[in-house]
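Q: First the structure, which I've put down as structure tokens, then a few questions once you've had a look.
Any read-out appearing in this document is the output of simple, stated calculations on the displayed coordinates, not a laboratory observation. Since this is a predicted model, take the numbers as computed values, not measurements. As a convention, Cβ positions derive from the backbone with ideal geometry for all residues, glycine included, and neighbour counts pool all protein chains shown.
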Amino acid sequence: MLQVESLRKSYGERRILQDIRFSLNPGEIFGLAGENGAGKSTLLNILATLLTPDAGHVSLNGLDYADHQKQVRSHIGFVPQELAIWDELSVEENMRFFEKLSWKKQSRDVLRGLCQGMQLDKWKEKAGSLSGGQKRKLNLAISLIHEPDLLLLDEPTVGIDMRSKKEITAYLKELAASRKTMILYTSHDMDEIRELCSQVICIGKDPFYRDMLKAAGKPIQVF
């Protein structure tokens, strides 16, 4: 379980996050919505242990972030908006490169299976030649090499074709159902959030996202 309690974060005098609190159970997919600048990426970076909150408490599977940061990191997969792949390497070479840096060693078959699960079959092609959707799939597959318990996704389908979006969201549903992976998913696509997520955390002052999600009947926590 991911437990977030009274989380706060400011940049100078600008308060970004105020008393964020929620819990995410194994197998659940939560959406994270809000206008640009509301603090969605800041929250994900804190949960990925890349930023330190000003106040509050976060724990993952009973491990306190402040006291067990290295151990916590071994259970987290993080996919930022920016692609983190080597264009000059093939899909296979990317997967094998990042496997060597991973918390868990995997066979070639397991690595290829991660890609095939998202319909990414171009195993020998250079990453630079892939479509935008295929690059996003590769980025996601890399984050799953060590079989994380918590997967943090920052706009993982932004700017890609509808087919790739559907294949990625279908894969995430299966991942949550079969492995009980906890997923926190940021997107501006409300249809995507409605389809994929069982509950939504909405942060920021703009009522647009809150109103859309309430109209759709999604359970929503507003901060």
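Q: I need the Debye-formula profile for the stretch 145-198: one equal scatterer per C-alpha, no solvent, reported as log10 I(q)/I(0) at q = 0.21 1/Å, two decimals.
A: -0.79
Q: Hey, another quick one. Between residue 87 and residue 107, what length in nm is gained on full extension when 0.36 nm per residue of separation is reduced by their alpha carbon distance? Present the calculation step by step, with values, prior to reporting the outcome.
A: Details: separation 20, 0.36 × 20 = 7.20 nm, distance 2.23 nm.
Once the chain is fully extended between residue 87 and residue 107, it gains 5.0 nm.
Q: Relative to the Cα centre, what is the charge dipole magnitude of the stretch 1-142, using +1 at the beta carbon of each Lys and Arg, -1 at the beta carbon of each Asp and Glu, and rounding to the nearest 20 debye? Don't skip to the answer; put the middle values down first.
A: Numbers: 20 positive and 17 negative charges, 58 e Å.
It works out to roughly 280 debye.
Q: Where does the charge balance sit around residue 55 when Lys and Arg score +1, Asp and Glu -1, over other residues with C-beta under 15 Å from its C-beta? Show your work: numbers first, answer last.
A: On the way: positive: 8, 9, 15, 21; negative: 5, 19, 54, 64.
The answer is 0.
Q: Running a GNM on the chain with Cα contacts under 10 Å, which residue among 88, 167, 192 ends up with the highest mean-square fluctuation?
A: In this elastic network of the chain, the residue with the biggest mean-square fluctuation among 88, 167, 192 is 88.
Q: Let me ask something else about it. Given the rule -39500 (n - 2.57) for each run of at least 4 DSSP H residues, summed and divided by the residues of the chain, what is its mean residue ellipticity at 222 nm, to the nearest 500 deg cm²/dmol? Could the numbers behind the result be given before it?
A: Working: 8 runs with 79 residues, N = 223.
Result for the chain, helices only: -10500 deg cm²/dmol.
Q: Let me ask another. Amide H to amide H, which residues 5 or more places from residue 32 or on other chains are under 5 Å from it, using H placed in the peptide plane?
A: It is 185, 186, 187, 201, by chain and number.
Q: Provide the per-residue ³J(HN,Hα) series for the stretch 121-130, in order, calculated from phi with Karplus coefficients 6.51, -1.76, 1.60 and θ = phi - 60°, each as a whole number of Hz, with x at glycine and proline positions.
A: Those phi angles translate into 9, 7, 5, 9, 7, 5, 4, x, 8, 6 Hz.
Q: Hey, in the GNM for the chain with a 10 angstrom Cα cutoff, which one of 83, 101, 140 fluctuates hardest?
A: Comparing 83, 101, 140 in a Gaussian network model of the chain, the most mobile one is 101.
Q: Would you please name the trypsin sites (Lys or Arg not before Pro) within the stretch 115-171 that are DSSP coil residues with at most 12 other C-beta atoms within 10 Å of their C-beta? Could you put the intermediate results ahead of the total?
A: Details: sites: 122, 124, 126, 135, 136, 137, 163, 165, 166; in loops: 122, 124.
Hits after loop and neighbour filter: 124.
Q: How would the chain be classified by its alpha-carbon gyration tensor: rounded, prolate or oblate, with rounded meaning a/c under 1.5 and the a/b versus b/c comparison settling the rest? Display every interim value, and only then the final one.
A: Values: a/c = 1.82, a/b = 1.40, b/c = 1.30.
It comes out prolate by the Cα gyration axes.
Q: For 78, 208, 22, 30, what ranking results if the residue with the fewest other Cβ atoms within 10 Å of its Cβ goes first?
A: Details: 78 20, 208 13, 22 16, 30 23.
By the 10 Å Cβ count, ascending, the order reads 208, 22, 78, 30.
Q: Now, a different point. How charged is the neighbourhood of residue 26? Take every other residue with its Cβ under 10 Å from the Cβ of residue 26, and add Lys/Arg as +1 and Asp/Glu as -1. Let's see the in-between values first.
A: Values: positive: 179, 180; negative: 28, 149.
Result for the local shell: 0.
Q: What list do you get for 46, 76 if you sort them by fewest beta carbons within 10 Å?
A: Details: 46 23, 76 20.
Lowest count first: 76, 46.
Q: Can you give me the relative contact order of the stretch 1-145 as a percent, contacts being Cα pairs under 8 Å and 6 or more apart?
A: Working: 181 pairs, mean separation 30.3, N = 145.
Worked out over the stretch 1-145, it gives 21 percent.
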